[in-house]
Amino acid sequence: MPTGRRTRIMIVDDSAVMRSLLRSVVAADASLEVAGTAADGASALNGLSALRPDLILLDVEMPVMDGLVTLKELRRRGYKMPVIMVSSLTQRGAKVTLEALAAGASDYVTKPAGQANREAAMRALGQDLGPRIHALTGQDAGAIPEHNRAGNQPPGTPSVFPGLPRSVHFPPTPPPRVQAITKNPTILAIGVSTGGPAALDVLLPALPASFPLPVLIVQHMPELFTKLFAERLDSRCQLRVREAAEGDPVRAGTISIARGNWHMEVLSPARAGLPPTLHLTQGPLENHCRPAVDVLFRSVAAAYGSGSLAVVLTGMGSDGMAGCRVIRELGGAVLAQDQASSTVWGMPGAVANTGLANKVLSLNDLIPEILRIAGRTHSEARELRESVV
């Protein structure tokens, strides 16, 4: 973003009340300005060339042209500015939002509901929206995510948005040295946030039905969204995809996605011969998140040790970094998505800049690397079966 000027935000929503609320949230930040507003997608598209926004806040459900159609037309015309979908927390709103994220939307926020007054609604929306705008426009790529925020935020907030957590910054370091992965993994754990739905929409369908590792995923996302997200991916993947449930066995052939607002952990089997199982908790937030990647990664490290393979994809903040440290200390391996292919290089950047990643790769290069590493496990298991026979 060019220095010396404010970031221009375009607001597209058919509700006058919501447009006013979004305008107030944007105006509360001195680094932002409202470039213009529109009540439907067609009007927004017509005004783009004149308004030249840096980022668009796009309502999901609108008359004339809804948010999903507008987004697809926006991208078809070659506009590449970030788009944040503004969704109602309903099943339909969640479903369309997920389609939009897969179609090129950068992120989303849910409309405030249940607040006592306008000020409370503005505060809730500002806490959620502010970090996303700054991260997606390059003003603060290390901002802490606010998905699944619960309870009060810590004091000491340096922002016009009350309750906004402190940003996390990492000193620039040389590109990490590639470190060979020598151990054969027995589990694949993935942590992801902003930009995750689009990234997972590419990565997971590329895993074959014969993929030999169980796959566990924490995607920062509200509870209603994770169920629909798992169902959508299940229709696109060769492996079975489901929202995690208490006591689910951890077995190859299944991708388990952490339930929104619940931490997901792996529990070692009670006795030999049984698979590990999933345990869901509503323990304290970590990194302002629930589910948290660090919670999953620590439990994976405890259960699988050097057989742990962690992959950290696009996202704000540093969730997953502490868990990667534990995995590496126990002999496991870590892969991180590179900056060029990440929507926001917060989470993978934290892992890369602290030297915890064995390799830092583009999203497209991560796929064959995961298949290569997992393929060694598959080959050794096949050779073992053949020797027994």
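Some values worked out for this structure:
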{"item": "Test: residue in region 179-195 that is modelled with pLDDT under 95, among the small types (Gly, Ala, Ser) and open to solvent by less than 60 Å² (accessible area, probe 1.4 Å)", "result": "yes"}
{"item": "Subset of region 74-107 (residues that are charged (D, E, K, R) and open to solvent by 40 Å² or more (accessible area, probe 1.4 Å))", "result": "ARG75, ARG76, ARG77, LYS80, ARG92, LYS95, GLU99"}
{"item": "Positions within region 320-341 being touching a strand residue (DSSP E or B) at 6+ places or on another chain (Cβ under 8 Å) and within 16 Å of LEU200 (Cβ to Cβ), in sequence order", "result": "GLY320, LEU335, ALA336, GLN337"}
{"item": "LEU330 vs. criteria farther than 21 Å from PRO131 by Cβ and not polar (S, T, N, Q)", "result": "yes"}
{"item": "Residues satisfying the stated conditions in region 209-224, i.e. among the aliphatic types (A, V, I, L, M), modelled with pLDDT of 95 or more and open to solvent by 20 Å² or more (accessible area, probe 1.4 Å)", "result": "ALA209"}
{"item": "Which listed residue is open to solvent by 50 Å² or more (accessible area, probe 1.4 Å), at pLDDT 95 or above and closer than 21 Å to LEU204 by Cβ, from ARG242, ARG251", "result": "ARG251"}
{"item": "Residue match in region 265-279 (condition: in contact with a strand residue (DSSP E or B) (Cβ under 9 Å, 6 or more places away or on another chain) and closer than 29 Å to LYS111 by Cβ)", "result": "no"}
{"item": "Counted residues, region 180-220 - those being in contact with a His (Cβ under 6 Å, 6 or more places away or on another chain) and either aromatic (Phe, Trp, Tyr) or closer than 20 Å to SER87 by Cα (or both)", "result": "2"}
{"item": "Selection within region 277-292 - open to solvent by less than 40 Å² (accessible area, probe 1.4 Å) and more than 16 Å from the chain's Cα centre (by Cα)", "result": "LEU278, LEU280, THR281, GLY283"}
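Residues are listed down the side, and each one gets a yes or a no for (1) crowded, with 16+ Cβ neighbours inside 10 Å; (2) touching a Gly at 6+ places or on another chain (Cβ under 8 Å); (3) at pLDDT 95 or above:
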{"site": "SER318", "(1), (2), (3)": "yes, yes, yes"}
{"site": "ARG328", "(1), (2), (3)": "yes, no, yes"}
{"site": "LEU335", "(1), (2), (3)": "yes, no, yes"}
{"site": "SER341", "(1), (2), (3)": "yes, no, yes"}
{"site": "GLY349", "(1), (2), (3)": "yes, yes, yes"}
{"site": "LEU356", "(1), (2), (3)": "yes, no, yes"}
{"site": "SER379", "(1), (2), (3)": "no, no, no"}
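The values are calculated or read from the model by the stated rules, or taken from the named source; none is laboratory data. The structure presented is a predicted model; accordingly, all values stated were derived computationally and were not measured. Here Cβ is always computed from backbone atoms with ideal geometry, including for glycine, and neighbour counts include all displayed protein chains. The area values use the complete protein model at the heavy-atom level, side chains included, leaving out ligands, DNA and RNA. Shrake-Rupley method; radii C 1.70, N 1.55, O 1.52, S 1.80 Å.
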